[in-house]
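One structure is given below, represented as structure tokens, and several questions about it will come after.
The values are calculated or read from the model by the stated rules, or taken from the named source; none is laboratory data. Just so we're clear, the structure is a prediction, and the values are computed from it rather than from any experiment. All Cβ positions, glycine included, derive from the backbone under ideal geometry; neighbour counts span all protein chains shown. Surface areas here come from the heavy atoms of the whole protein model, side chains and all, with no ligands, DNA or RNA. Shrake-Rupley method; radii C 1.70, N 1.55, O 1.52, S 1.80 Å.
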Amino acid sequence: MPIRITGMNSGLDTESIITALTQTQQDRVDTYTGNQKKLSWKQDVWKDLNKKVVSFYNGSLSTMRFSTAYTKKTTTSSNTSAVSVVTGSNAMNTSQTLDINSLSKASYLTGRQINADNGEDTTMEELGISSGTLKFYVGTDSSNELSVDISSSDTISSVISSLESATGLDFNFDETQNRFYISSSDAGEENGLHLVLDNDSSEAMEALGLVYFDSDGNTVTEDEATNYVAGTDASITLNGVTYTSTSNTFEINGLTITANEVASGITLTTKQDTSGIYDSIKNLISEYNDLMKEFATLYNADSASSYKMLTDDEKDAMSESEVEDWEQKIKDGLLSKDETIGTIRNALRNVMNASIQVTLKDGTTSSLSLGSFGIATGSYFSTEENERDLLHIDGDPDDSDVCNNTDLLSSYILSDPDAVQEFFSSLSKSLYSTLSNLMKGTEYSSAYTIYEDKLMASQYSAYTTKISDAQDALEAAQDKLYTKFSRMETALSKLNSSSSTMSSFFGTGS
């Protein structure tokens, strides 16, 4: 924008005059700018709200549609230190006997102490080895030998690398103890390590201390060795049938059994996990309540219609805290009495208030509602406005309003879990379907969106155009007025110059 210098000859405050004359155009710019800003705030509120709805939709609501959410089971053990059990949904409700016969172990060998003065840098030549072969086998088949050839220039460090690469076993050399230590990577007999001591390998193996020896240090066979722990399988007997595993974990008929110590006479009792089903339902209700309270808070908020969007000049005249308070009141009321929120609230309430036909354990059918399980909203007149849609579960220890009421939900889960499953599964499917319809993509909204995000984005772009056009119109009007005042100043300047010249003709002579 060019620098404008006016009023020098007329003495008029042309800046203020032009500002006043173009106030209508400035108001139009401010209105469009304020409306666009307000729309962006509204978009932010909707985005946050939509994220919460989608999270509920894809989370607990989606899960609760399926039977797996209700087929929770738990298994207790009479000896919790000896065994731990994870219960699958297909486990049988029954009592079983368990003996833990043995635990799986990884094989382990402690080598004989050797004179390796230079630690891992000690060469084979320094250990008296000119060349040789180191031999092992893993598992139960001794014919599958794993061998590594070594030479006099090899160091203990390079030999370890070659051994680990060739055998898959874990090797370590402790420089403090001057010993090799070897272990199999996995437990179980089929993963157990074994030394091969024959004419080709014995000399080199013995030089490295890789031999079997007893408590007196005498070289012995594998079975007699005290420096060797054989790899063994875990063994359990469940209901008279013996099972083995390379690990201490067994997958049997829906149970994941982990043996921790040898023991016998253990009783495992599997039954319906009523607390797990209760917690899942409680979580669903809790998330529904959070959503409904959010809807109510936004819908019932004061519209703040008396608070208009502030212009830059108005903000300059206020303190920072005053501006924040003013704008927060506008933000709080952006969705006040919003039709879309009202539609969603009513749709969800209708689902939760409906009755569902359920087959009871005696084979008869009955029409049940949430009230049948002691789940209902609070008293309308004694409940805060934004909490009137919230559901309470009678007997819920975390809800002070109803914690002393009879716990009908837990009783129903204990007496007829299938009926509970059928009801809440059907309820969740209906609620899920309702939200699906509300979040369908349209000409004005994207899929999985409860508000008209496309329309708002279009409106935002339209405001950008309106602001640009209004700003151009303002500057054009200002330029036109500045041009007129400039001409006036030029004319006055000429007039003043002529007056000075005339005055010089009629001035007093000397």
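Could you grab me the full set of residues in segment 72-84 that are surrounded by 18 or more Cβ atoms within 10 Å (Cβ to Cβ) and either under 31 Å from the mean Cα position of the chain (by Cα) or more than 16 Å from Ala234 (Cβ to Cβ) (or both)?
Across segment 72-84, the qualifying residues are Lys72, Lys73, Thr75.
Next question, about the same structure. Can you find, within segment 347-390, the residue that is surrounded by the fewest Cβ atoms within 10 Å (Cβ to Cβ) among those that are touching a Phe, Trp or Tyr at 6+ places or on another chain (Cβ under 7 Å) and not in a loop (DSSP other than H, G, I, E, B)?
Checking each candidate, the answer is Ile356.
Check whether at least one residue in segment 8-31 is of a type in the set (Lys, Arg), farther than 30 Å from Tyr288 by Cβ and surrounded by 16 or more Cβ atoms within 10 Å (Cβ to Cβ), and report yes or no.
yes
Mind checking which pairs have a first residue in segment 37-64 that is farther than 30 Å from Tyr278 by Cβ and a second that is assigned to a helix (DSSP H, G or I) and among the β-branched types (Val, Ile, Thr), Cβ under 9 Å, 6 or more apart or different chains?
Lys38/Ile330; Trp41/Ile330; Trp46/Thr340
Can you tell me how many residues within segment 391-405 are among the β-branched types (Val, Ile, Thr) and either surrounded by fewer than 14 Cβ atoms within 10 Å (Cβ to Cβ) or touching a helix residue (DSSP H, G or I) at 6+ places or on another chain (Cβ under 9 Å) (or both)?
Matching residues across segment 391-405 total 1.
Within segment 222-229, is even one residue at pLDDT below 95 and either crowded, with 20+ Cβ neighbours inside 10 Å or over 22 Å from Leu134 (Cβ atoms) (or both)?
No, segment 222-229 contains no residue that is at pLDDT below 95 and either crowded, with 20+ Cβ neighbours inside 10 Å or over 22 Å from Leu134 (Cβ atoms) (or both).
Go through segment 300-325 and give me each residue that's open to solvent by 70 Å² or more (accessible area, probe 1.4 Å) and under 36 Å from the mean Cα position of the chain (by Cα).
Answer for segment 300-325, where residues must be open to solvent by 70 Å² or more (accessible area, probe 1.4 Å) and under 36 Å from the mean Cα position of the chain (by Cα): Asp302, Glu324, Asp325.
Among Gly265, Gly276, which is the only one that is at pLDDT 95 or above and either part of a helix (DSSP H, G or I) or not hydroxyl-bearing (Ser, Thr, Tyr) (or both)?
When all the criteria are applied, what remains is Gly265.
Can you tell me which residues in segment 132-147 are open to solvent by 40 Å² or more (accessible area, probe 1.4 Å), touching a residue at least 40 places away in the same chain (Cβ under 8 Å) and farther than 12 Å from Thr167 by Cβ?
Thr140, Ser142
Something else about it: Go through segment 85-114 and report how many residues are under 28 Å from the mean Cα position of the chain (by Cα) and open to solvent by less than 50 Å² (accessible area, probe 1.4 Å).
Looking only at that region, the number is 3.
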